[in-house]
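See structure below.
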Amino acid sequence: MENTLLQIFSVILPTVVTILLALLSLAANELKKKIKQEQVKSALEMAITITESVVNSLNKTTVPALREAAKDGRLTQSDMAKVKQIAVDTIKAELPDAMLDLLTKAKVVIDSRISTEIESQVLQAKFFDVCD
């Protein structure tokens with residue numbers, strides 16, 4: 001009887017241990033995914049914060065001259081594209097390299113995402129200018 005229990009136990013124990021290890025591995029993988037998602041979310045939030053700061057700065061330093069040029073008819077699409085590219089480059093320069101790498105590895109199209117956020121910030125600024 002004791003021998004039979006020992007044999008059953010010797011068969012069941014490795015199976016149970018294997019199942020537990022597989023479950024732990026799955027849980028660890030899910031935890032890694034969640035941590036990575038949180039890191040990407042944090043990096044995007046940082047990029048948005050930096051974008052707000054850069055757009056506010058450009059609104060104070062560069063936009064007044066652009067408005068004057070627009071009044072005189074001297075403002076070109078190329079001028080506006082240059083200012084936007086300056087904003088994108090400034091944001092990317094202020095974003096820590098580790099965050100840029102993380103976003104790149106997460107397949108976030110950084111320039112596109114930053115451009116979209118710049119446009120959003122500019123529209124918000126225009127809206128609040130109209131409301132004031």
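Tallying residues that are touching a residue at least 40 places away in the same chain (Cβ under 8 Å) and closer than 28 Å to LYS84 by Cα within region 1-41 yields 2.
Of all residues in region 81-106, those that are within 27 Å of THR62 (Cα to Cα) and outside any helix (DSSP H, G or I) total 2. Of the residues making up region 62-75, those that are modelled with pLDDT under 85, within 25 Å of SER112 (Cα to Cα) and not in a helix (DSSP H, G or I) number 1.
Listed by first and then second residue, the pairs with beta-carbon distance under 6 Å, at least 6 apart or on different chains, first residue in region 70-92 and farther than 25 Å from ALA47 by Cβ, second at pLDDT below 85 and small (Gly, Ala, Ser), are LEU75/ALA69. Set side by side, the residues ALA87, ALA93 differ, and just one is surrounded by fewer than 16 Cβ atoms within 10 Å (Cβ to Cβ) and out of contact with any strand residue (DSSP E or B) (no Cβ under 9 Å at 6 or more places or on another chain), which is ALA93.
Can GLU68 be described as of a type outside the set (A, V, I, L, M, F, W, C) and under 30 Å from GLN37 (Cα atoms)? Spelling it out, it is not the case that GLU68 is of a type outside the set (A, V, I, L, M, F, W, C) and under 30 Å from GLN37 (Cα atoms).
Remark: LYS41 falls outside the filter, which requires a residue to be basic (Lys, Arg), surrounded by 12 or more Cβ atoms within 10 Å (Cβ to Cβ), under 24 Å from the mean Cα position of the chain (by Cα) and closer than 27 Å to ASP97 by Cβ.
Every condition in (1) free of Cβ contacts under 8 Å to residues at least 24 places away in the same chain; (2) in a helix (DSSP H, G or I); (3) surrounded by 11 or more Cβ atoms within 10 Å (Cβ to Cβ) is met by ASN59 except one, and the failing one is (1).
The values are calculated or read from the model by the stated rules, or taken from the named source; none is laboratory data. Note that the coordinates shown come from a computational prediction; the quantities given were computed from them, not determined experimentally. No Cβ is skipped: glycine too gets one built from the backbone with ideal geometry, and neighbour counts run over all protein chains shown.
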